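S.K.: Structure incoming, see below.
Just so it is clear, none of the values below were taken in a lab; they were calculated from the coordinates. Since the model is a prediction, treat every value here as computed from it, not as a measurement. No Cβ is skipped: glycine too gets one built from the backbone with ideal geometry, and neighbour counts run over all protein chains shown.
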Amino acid sequence: MSEHASSLYRGVCLVTGGSRGIGAATARLAAARGYGVAITYLSRGDEARSVVNDIESRGGRALAIQADVGNEAEVVSAFAAADALGPLTLLVNNAGVVGSVGRLEDVTGAMLDSLVRTNIVGAFLAAREAVRRMSTRHGGRGGSIVNVSSGAAQLGSPNVWVHYAATKGALDTMTIGLAKEVAAEGIRVNAVRPGIIDTEIHAARPAGQIEKIRQSIPMGRIGTVEEIAGAILWLASDEATYVTAALLDARGGI
């Protein structure tokens, strides 16, 4: 590996939704920390390949896998493909959708189906495959699962994304329950709950809303994808070996 990548190989990190935003930043940082990296993507193949090329150019090992995380067969296939890189030691459940901006009274059944399938079912399926590989109960070497939740799970996101916030609330509950379920099997499970981060998902918000929110943040600014990636990798690191079932807020104090 080059000077940009750690000389200590830490196994394989699989990042769902790793072609852009927080997922891409996490994939790059994981590679720099010594992980082989597999990323899944739904449709943005060029961006996914760009992440892989960037990692490989710095001496890392990476793989991009097209998969719909809400499709059980595709999740199983994605994890099988990632096995080629080596033993899985870190899953970052990052893939997610937000649905349309609006009040709950405007939510459709189709939108809810999409949100639940991606944000909840997808995270459960990926966690299942990770546990089957990492748990000492199944002969694994242990590992870490980090779920990318949202500050919306606590704040509710009224008038914008109550529907999205509810799915992230479910992810928080899964984090706590699964952490306790596999704590004695060598697996730690935690979640990061970002606030407003500089990603394209917030472009759909009404004009001026981001600036209004920024003014309410005690730190006076929105966060970066690199800051969230750093929080994720800290939770997976040897510095956090006694941390599990934690919901780490990263939203500037709001």
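S.K.: Pick from 109, 140, 220 the residue whose mean-square fluctuation is largest in a GNM of the chain, springs joining Cα atoms under 10 Å.
M.R.: 109
S.K.: Between residue 84 and residue 226, what FRET efficiency comes out of the Förster formula 1/(1 + (r/R0)^6) with R0 = 41 Å and r the beta carbon distance, rounded to 0.05?
M.R.: Calculated transfer efficiency: 0.90.
S.K.: Follow-up. Exposure proxy check: 134, 219 ranked by fewest other beta carbons within 10 Å? List each step's numbers first, then the result.
M.R.: Details: 134 27, 219 12.
Fewest to most other Cβ atoms nearby, the residues stand as 219, 134.
S.K.: Another question about this same structure. May I ask for the angle, rounded to the nearest 10°, between helix 162-182 and the longest principal axis of the chain, with both axes built from Cα atoms and the value confined to 0 to 90°?
M.R.: Its long axis makes an angle of about 30 degrees.
S.K.: Sticking with this one: On C-alpha positions alone, give me the angle between the axis of helix 21-32 and the longest principal axis of the chain, in degrees, nearest 10.
M.R.: Helix 21-32 sits roughly 20 degrees off the main axis of the chain.
S.K.: For the chain, what mean projected area does the convex hull of the alpha carbons give, in nm²?
M.R.: On the way: hull surface 52.3 nm².
Approximately 13.1 nm², given one-decimal rounding.
S.K.: Please determine, in degrees from 0 to 90 and to the nearest 10, the orientation of helix 72-82 with respect to the longest principal axis defined by the Cα atoms of the chain, where the helix direction is its Cα long axis.
M.R.: It is inclined by approximately 50 degrees.
S.K.: Could you give the length gained by full extension between residue 49 and residue 239, i.e. 0.36 nm per residue of separation minus their alpha carbon distance, to one decimal place?
M.R.: Gain on stretching residue 49 to residue 239: 65.3 nm.
S.K.: Neighbour counts of other C-beta atoms within 10 Å: give me 46, 83 arranged from fewest to most.
M.R.: Working: 46 9, 83 15.
Listing 46, 83 from fewest to most nearby Cβ atoms yields 46, 83.
S.K.: Once you keep just the Cα pairs under 8 angstrom separated by 6 or more residues, what percentage relative contact order results for segment 1-112? Spell out each step's value before the answer.
M.R.: Details: 205 pairs, mean separation 34.1, N = 112.
30 percent.
S.K.: Sticking with this structure for a sec: Kindly put 68, 238 in sequence by how many other C-beta atoms sit within 10 Å of each C-beta, fewest to most. Could you put the intermediate results ahead of the total?
M.R.: On the way: 68 18, 238 6.
The order, fewest Cβ neighbours first, is 238, 68.
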